[in-house]
1. Within a Cβ distance under 10 Å of Val219, other residues only, what is the Lys/Arg minus Asp/Glu net charge?
2. Please find, in a Gaussian network model of the chain (springs between Cα atoms separated by less than 10 Å), the residue of Leu113, Leu103, Leu195 whose mean-square fluctuation is greatest.
3. Share of antiparallel DSSP beta bridges in the chain, in percent to the nearest 5?
4. Over all distinct Cα pairs, what is the inverse of the mean 1/r for region 29-157, reported as the Kirkwood hydrodynamic radius in Å?
5. What is the dipole size for region 55-131, taken about its Cα centre, with +1 at each Lys and Arg Cβ and -1 at each Asp and Glu Cβ, in debye to the nearest 20?
6. Helix-only mean residue ellipticity at 222 nm, the chain, DSSP H runs n ≥ 4 weighted -39,500 (n - 2.57), per residue, nearest 500. What is it?
7. Could you state the number of Å between the C-alpha centres of region 189-208 and region 62-114?
8. Please work out how much length the chain gains when fully extended from Arg130 to Ala106, using 0.36 nm per residue of separation minus the C-alpha to C-alpha distance, in nm with one decimal.
Amino acid sequence: MRVVRAGVVFLAAVSAGLPAAAFAACPPAGAEVSVGEVAARVEREGRRYVFVGERHAVGPVKRFAVDLAHELADRGHDVGLYVEGFRTDCPPSDGGCETLAGLFNAEAFRRLLAESQVPVHPIDPPEKDRRAARMATAIAGGSETIRVVLVGNSHVAHAGDPDADVFVYGGALRYPDPGDLAEAFPREESLTIALDTAQDTAMPYSLHAGGCGADYTLVAANTLAY
C-alpha cells in the first residue's frame, strides 16, 4: 500500500509567521511544464474542471491558481475560480467572516481576491458534515464553462485510488478518502494538480507532469508569501 503524507499546518505555525516544515516528499514528478501547456491541454481535451490541491498557509499556490485562471480566460474561455478558503454563507470580501482564509493566510487569500480577473466563488460550507459533497454541489452549480478549484490537497490527490493513504495534520490523522472532491466529477472532464513544497527554491512555484497522485504536481516555495 502506498503511503503519502500531506496536510495542513498547525495554527501555531501560522502565528509564528511561517508554514510548518514540508511533509514527506511526493513520488517523483516528471518534466517541468508551463501554465500555458496545462491550459492548452484543458482546451484541447475539453476539460471543465481543474482541481488545484493546496495547503491553506502556503501562499504561492494561490498565485498559481490565479495565473492558470487568467491563462484560460486570455484564451477566450469563460472561467471561474472556486475557493475553499472562503465560506459559502458570506461574501469572500467579508473580513469579519470566520474562514479558512482568515485562519491560515489571510494576506495571500486577499491578494488572490484582489488580483483575480475572473469571478471568485466560495465553496467552504458552514456545515461540518459531508464537506466534500457540499463543496461538489457548489462547484457543479457554477455557470462558467471552465472552473478552477482551489481546495485542500487531500480532496484532490489520489482521486479514485482505493489503496492510497493520505495523512493530514502533519501525519497525525489519516484522511479516509483521498481525492474525494475531484472524484465526484467525471474523470474525463477534469485535471488534478497536487501540491508539494520546497524550502530551497527561489521561484514561487514550478509545475511538473505527474507525481503526487495527480495529473500534475505544483512545487511551491514553502512560504506564506503570495
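Rule-based calculations on the coordinates, nothing more; no lab input. Since the structure is predicted, the reported quantities are computational estimates derived from the model, not experimental observations. Glycine also receives a Cβ, built like all others from the backbone with ideal geometry; neighbour counts cover every protein chain displayed.
1. Numbers: positive: none; negative: Glu32, Asp196.
Surrounding charge for Val219 is -2.
2. Result for the chain, Cα springs under 10 Å: Leu103 fluctuates most.
3. The answer is about 25 percent antiparallel.
4. So the Kirkwood estimate lands at 14.8 Å.
5. For this selection, approximately 220 debye.
6. Computed ellipticity for the chain at 222 nm equals -7000 deg cm²/dmol.
7. So the two Cα centres are separated by 18 Å.
8. Here the segment from Arg130 to Ala106 would lengthen by 6.1 nm.
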